[in-house]
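Throughout, read-outs are computed from the coordinates displayed, never taken from laboratory work. As the structure is a prediction and not an experimental result, all values here were calculated from the model. Note that we place each Cβ from the backbone using ideal geometry, even for glycine, and neighbour counts take in every protein chain shown.
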């Protein structure tokens, strides 16, 4: 059924750290490798070594330059140091966000596209898919790609065939992209549970959802680049609030020294 | 969005077919209207006919609808599984369209098959041409025929409505969220349908025999309305602000975001399907072609047909052909000029 399941407490998803992502594409390659042989594979490439290779990838890594115009001093010359702060390079992995209320599920005419009630993973039943591609049109995030070779749509499965796979070591029951990331910029967990590690990370780093104005309520979160030492982009990223107000003067001398040392 | 040939042909042909079916269904629902009694060779007689009524029109509608639906299968990756698309009518406009499209064939065939059978009987037998047979449609009792006509009109309208909503419901394609889209699909379907009926009337001589003033005036009015709607739509989509990479990535608060490197060196499905870039220098010209061939000239030809009844057959056929070309160009633009939100990630 392409009707959405009732909201479930469990919302499995990814948290992607744009501060530490170095744009190495290891996540994209590991994803491709796992899903080529996994339950939802193969992910065939056409003309792979030819002139116009094309094929389905569940994960695509974009790169952007952020020109920090907001920090420019009015009247400063173009060559001054403050003005010439280098553009911020941001690598941006883009994959399915496993939205809570996605149109890619409800527009599907066959029931091939569905959202799991138990953990919120959005999947395609390739045996039912007719390849009308309407789900791809309905997704602003480009999460769905049409396989010319298979004639059906394919998309990120959140490695559903890994994360519940009891043949794997428990530590390996994570999406392939998360396992592969050399800078630990990708985190997997239950974003419906406020006490989970990923939820805490999102709360601490002001993680945000992409294009919330579409109303699809993405589950995945992106962590913004941290403020630089020179203070740039500090304005855009709110500094995390301390959990409890700490009055320095009211502390006993030893703790006051510790506070000073740790605040350095 | 990439203008796919199969979808353009489907929406234009089926739209015209369903428009014709809608008018014919309305005609059957209203029932025969009688002209003032006259005399022919000294015998007093009164001509009665359904408004728009024409067996050829029903048949042509059937051919266009079926042809369009078959063409739409060409867009599917797995056409053999198309039957599955009838299952999710609770949520999916595409599924609703499929269900409505097929259900509408029932009243259409209930009217068409007996009408055709009657025509063939009249052609084939000279001895006893009107021996009543169970399948002889025109002899459906009037209340039943009215209900069938009403079902045909409702089904055709529901199909056009669903087709329009397939596009109008796609949030990432902001041009299609425009208010003009749904009325546009209905209106252009009706417009094509009216022209189709006139052209079919020309084939069996009814265009001269019967009074088609209302239909010709309707074509002129629909052409004017259609051109106005399309003009408004183009004005609206031309002023849509771009989404931009900053908004798409959520990094806009940090500064101006520019895509420096794409995730892939070659085209992929997304850039191929959603990143279709129309050569802009042709857009204005194609819009002018739509307005001229699609609306202005057919309206002039229909007005000329009002003035010179003897020339009607050639005038309405020219109008139908020009309007079809215009509508095909219009539909091509509808896709080619609609931008998909995902391209913001690519900085396009």
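The stretch between residue A:184 and residue A:47, if pulled fully straight at 0.36 nm per residue, gains 46.0 nm over its current Cα-Cα span.
Modelled this way, with points 7 Å down the Cα-to-C-beta line, the labels at residue B:235 and residue B:119 are 4.4 nm from one another. The residues A:108, A:27, when put in order of fewest to most other Cβ atoms within 10 Å, stand as A:27, A:108. To the nearest ten degrees, helix B:55-73 and the longest principal axis of the Cα atoms of chain B are 20 degrees apart. Report, to the nearest 10°, how far helix B:93-103 tilts away from the longest principal axis of the Cα atoms in chain B, using its own Cα long axis and a range of 0 to 90°. So the helix axis and the longest Cα principal axis differ by about 10 degrees. Legend: calculated FRET efficiency, residue B:211 to residue A:149, from the Cβ-Cβ distance at R0 = 51 Å, rounded to 0.05, equals 0.30.
Here r is the Cβ-Cβ distance between residue A:167 and residue B:48 and R0 is 51 Å; the resulting FRET efficiency, rounded to 0.05, is 0.05.
Computed extension length for residue B:83-residue B:288: 69.9 nm, one decimal, from 0.36 nm per residue of separation with the Cα-Cα distance subtracted.
This ranking places B:315, A:210 by how few other beta-carbon atoms lie within 10 Å of each, fewest first, which gives A:210, B:315. Taking the Cα atoms of the stretch A:99-196, the ratio Rg/Rh between the radius of gyration and the Kirkwood radius comes to 1.00. Ranked for footprinting exposure by Cβ neighbours inside 10 Å, fewest first, A:98, B:272, B:264 give B:272, B:264, A:98. Here, the stretch B:62-124 yields an orientationally averaged convex hull projection of 5.4 nm² when only Cα atoms define the hull. An ellipsoid equivalent to the stretch B:144-201, defined through the eigenvalues of its Cα gyration tensor, has semi-axes of 27, 15, 6 Å when rounded to whole angstrom and sorted largest first.
Taking R0 as 56 Å, what FRET efficiency do you get between residue B:303 and residue B:272 from their Cβ-Cβ distance, rounded to the nearest 0.05? Efficiency at R0 = 56 Å is approximately 0.80. How large is the direction-averaged shadow of the alpha-carbon convex hull of the protein assembly as shown, in nm²? Convex hull of Cα atoms, orientation-averaged projection: 39.2 nm². Each 20 Å bin, from zero up to the one with the longest distance, holds this percent of the alpha carbon pairs of chain B: 27, 51, 18, 4, 0.
For the stretch B:232-348, the alpha-carbon radius of gyration amounts to 1.56 times the rule-of-thumb value 2.2 N^0.38 Å expected for a compact globular protein.
Using a simple spin-label model with pseudo-atoms 7 Å out from Cα toward Cβ, residue B:252 and residue B:147 lie 5.6 nm apart. Placing a label point 7 Å from the Cα of residue B:2 along the Cα-to-Cβ line, the residues of the stretch B:250-268 whose backbone N sits under 17 Å from it are B:264-268.
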